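Comments concern the structure below.
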Amino acid sequence: MADRDGIWSRGGVHVEELPDPFAPIAMPAPAEPGRTEPVGPQPPTVEQRPTRSRRRIIFYTVSVVLLVTLLWLIVTAPLSRALEPLDDPALLLLSQEGRPIARRGAIKEAPVNAADLDPLTRAAFVAIEDRRFYRHWGIDPRGIGRAMIANARAGGVRQGGSTITQQLAKTSFLSSDRSLKRKAQEVIISLWLEAWLTKEEILSRYLSSIYFGDGVYGLRAAAKHYFNRSPQRLTLAQSAMLAGIVQAPSRLAPTRNLKLAQKRSQMVLDAMAETGVIGEARSHATVLARPVGRTSKVPTGTYFADWVAPAAQKAFEADFGEVQVRTTLDADLQRIAVRAINNAAIGDAQAAIVAMRPDGRVVAMVGGRSYKASPFNRATQARRQPGSAFKLFVYLAAMRAGWTPESIIDDRPITIRGWTPANSDGVYRGRITLREAFARSSNAATVRLSESVGRANVLRAARELGISTPLPNAPSVALGTAGVSLLELTSAYAAIAGGHYPVEPRGLALAREEEGFASFFRRGGSLDRRRDWAPMLDLLWEAANNGTGRRAALAVPTFGKTGTTQGNRDALFVGFAGDLVVGVWVGRDDNKSLGKITGGTAPARVWRSFMVPALAVDGRSGPPLPRTFRAPAEQPRPRRPERKSPLPEDWSERTRGLRELVRDLEEMIEDNGR
């Protein structure tokens, strides 16, 4: 064989003589003027290259995004979300006796299986919501086009193009945002659902989670709510009505607009006839359904329910149906509290009342004269000045500092950095005991006492007894110029009633073992029985029986303190008797003056009008008092001689006669009423 025909030759040319295949291609030299270039195919320039590579990049990018999205859905998306209960379960709040007092939240019952339902029930939803449900892959271009044409003819949105699968994707995985991004996510999730679930599984999840109005989710809850029957026993007319509600639940609920709901039901029956599920004659002959479920008389909102609901939702895990929650509310005492507020002689002013046990269990709460007119809870949400009711903390700080009810304090004008507090009656009595200063609610003596024991100690006492709102470090804080809630203030008085602090108000009932466990690990402290507790009871008894709060005095040992703010904008009485600690507030929402109403008038009367029947129902016994405290005898005390004011005569003589006449008349009326 010739050498040129061997493996080292190509076409008779030795491989070493062949051109280098990796050598750069020589570019042709520029043509000389007048020289003609050869005509023939030229290599493509950059501008002439096809855009095939760019298209490939776009295709691969979209494919990767879709693949990553599908993988994310497979790994993280909860397929069973539609079959789970709502995050916030429906609550049926019960009084401590077990009576329903309020119903809160939406209801979702156990999921349904579409295969167990009547075929006409399934067909009703498919006919009106997605008649091509069994023939598409999650999205229906034909349905979208049909909806666009129908909406264009009607001049507005009359039909939707979303399939049942898309609706399931939206309700179970996405928000209600109508952005293009959310719509794209809906399409991707719909395709994924169709790939992973059967049509019956998709329909089951859809029927188990869709909203039917009136706060009910899912077909089982809707069938029970509107027709008081199971979803397997729904009639054709009832199925048509429920299927029609889905388009606009708030507007089409038969309990709200029966005529409109029945009109929509007929549309569903017509759609079923068009799809051949039922005959046209049957669609017209079917008697339209009416809701038969009884409307619950249990209110959805009250002042107490609004306050306790957040704690109840945190205390109980999500579940189907209603979760029954037993609260601390006493139905009888609540009824008495409502009556006391409604009968209050306060004109067009507002009022609030809180009643609790010394351990903080709230047994009655009224946050205003009408919840329907104003659900704003003035017992828990309002921050109003407590006035002289805040003096409780000043005198407690004084007891801790070694003062006693018999200690002497000057009831004379005092000026601190240009500020001079004035006594409400304009009378200054010179040297008096702390007992008299507290009972008469002397502002001058209280501010002098606060500055003597130290404002920091007063603020500390308030904090320890549960006042959490901001308190200014100013001389006027002793007179209650900082806003607090009635609930917090009543809890502070409950600490004095029980001798332990702080008292945390609560509205949920605890098991006995939980209460014992909580009391064993009670945070805070106890009042010193001899130094603090008995003297404070002494002061509160004096104020409620012989002082500014004497209109609240009962036949049983009564303790309390009045409070009136500057300009008579707020009036309060907070006190305790038996096993009840009660706070009453009267004021106006616009913060205008109450006129002649003070803490010792209307609030004290409301307090007494509640306590008299409440103690008859609840009993007169209360927590044991310290042995060192002895309530004074019930016989009338001799009247002390009137002390002469140390101020010049022209400061008080003009109104002295009128004040004495009014005081005598009040005492005469009060004595005759007891």
Single residue of region 268-295 satisfying the filter (assigned to a loop (DSSP other than H, G, I, E, B) and of a type in the set (Gly, Ala, Ser)) that is most open to solvent (accessible area, probe 1.4 Å): 276
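For region 425-435, state whether one or more residues are surrounded by 15 or more Cβ atoms within 10 Å (Cβ to Cβ), of a type in the set (Gly, Ala, Ser) and in contact with a helix residue (DSSP H, G or I) (Cβ under 8 Å, 6 or more places away or on another chain).
Among the residues of region 425-435, not one is surrounded by 15 or more Cβ atoms within 10 Å (Cβ to Cβ), of a type in the set (Gly, Ala, Ser) and in contact with a helix residue (DSSP H, G or I) (Cβ under 8 Å, 6 or more places away or on another chain), which makes the answer no.
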Being modelled with pLDDT of 80 or more, closer than 27 Å to residue 207 by Cβ and open to solvent by less than 40 Å² (accessible area, probe 1.4 Å) is the filter here; which residues of region 69-108 pass it? 90, 91, 92, 106, 107, 108
Quick one: count up the residues across region 405-424 that are of a type in the set (Val, Ile, Thr), touching a strand residue (DSSP E or B) at 6+ places or on another chain (Cβ under 9 Å) and open to solvent by 60 Å² or more (accessible area, probe 1.4 Å). 1
Which residues, taken from region 314-338, are within 29 Å of residue 604 (Cβ to Cβ) and either assigned to a strand (DSSP E or B) or touching a residue at least 60 places away in the same chain (Cβ under 8 Å) (or both)? 327, 328, 329, 330, 331, 332, 333, 334, 336, 337
Does region 103-116 hold any residues that are among the small types (Gly, Ala, Ser) and at negative phi, and which are they? 106, 110, 114, 115
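Can you name the residue in region 377-392 that is among the small types (Gly, Ala, Ser) and either assigned to a loop (DSSP other than H, G, I, E, B) or open to solvent by 10 Å² or more (accessible area, probe 1.4 Å) (or both) and, of all such residues, is farthest from residue 451 (Cα to Cα)?
Filtering region 377-392 for residues that are among the small types (Gly, Ala, Ser) and either assigned to a loop (DSSP other than H, G, I, E, B) or open to solvent by 10 Å² or more (accessible area, probe 1.4 Å) (or both), the one farthest from residue 451 (Cα to Cα) comes out as 379.
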Out of region 540-571, which residues are outside any helix (DSSP H, G or I), closer than 24 Å to residue 617 by Cβ and either in contact (Cβ under 8 Å) with a residue 60 or more places away in the chain or out of contact with any Ser or Thr (no Cβ under 6 Å at 6 or more places or on another chain) (or both)? 553, 554, 555, 556, 557, 558, 559, 560
Listed by first then second residue, the pairs whose first member lies in region 589-604 and is under 19 Å from residue 383 (Cα atoms) and buried (at least 23 other Cβ atoms within 10 Å of the Cβ), whose partner is of a type in the set (Asp, Glu) and at pLDDT 95 or above, with beta carbons under 9 Å and at least 6 positions apart or on separate chains, are 599/570
Is one or more of the residues making up region 500-521 over 25 Å from the mean Cα position of the chain (by Cα), open to solvent by less than 30 Å² (accessible area, probe 1.4 Å) and at pLDDT below 95? no
Please give the number of the condition residue 265 fails out of (1) hydroxyl-bearing (Ser, Thr, Tyr); (2) in a loop (DSSP other than H, G, I, E, B); (3) modelled with pLDDT of 95 or more. (2)
Might you let me know whether region 393-404 holds any residue that is charged (D, E, K, R) and in a loop (DSSP other than H, G, I, E, B)? no
Residues satisfying the stated conditions in region 339-365, i.e. under 19 Å from residue 599 (Cβ atoms) and either among the hydrophobic types (A, V, I, L, M, F, W, C) or not in a loop (DSSP other than H, G, I, E, B) (or both): 340, 341, 344, 345, 346, 349, 350, 351, 352, 353, 354, 355
Of the residues in region 452-489, how many are open to solvent by less than 10 Å² (accessible area, probe 1.4 Å), over 32 Å from the mean Cα position of the chain (by Cα) and of a type outside the set (Gly, Ala, Ser)? 1
So, residue 368, is that one within 25 Å of residue 217 (Cβ to Cβ) and either part of a strand (DSSP E or B) or not hydroxyl-bearing (Ser, Thr, Tyr) (or both) or not? no
Could you list, in sequence order, all residues of region 575-594 that are within 18 Å of residue 616 (Cβ to Cβ) and part of a loop (DSSP other than H, G, I, E, B)? 578, 579
Taking the condition of being over 18 Å from residue 277 (Cα atoms) and at pLDDT below 90, how many residues in region 111-148 meet it? 13
Scanning for something in contact (Cβ under 8 Å) with a residue 60 or more places away in the chain, under 23 Å from residue 571 (Cβ atoms) and open to solvent by less than 50 Å² (accessible area, probe 1.4 Å), does region 442-451 turn up at least one residue? no
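The values are calculated or read from the model by the stated rules, or taken from the named source; none is laboratory data. Note that the structure is predicted; figures quoted are calculated from it, not measured. Methodologically, a virtual Cβ is constructed for each residue, glycine included, from the backbone with ideal geometry; neighbour enumeration extends over all protein chains shown. Quick note on the areas: whole protein, heavy atoms, side chains included, nothing else; ligands and nucleic acids left out. Shrake-Rupley method; radii C 1.70, N 1.55, O 1.52, S 1.80 Å.
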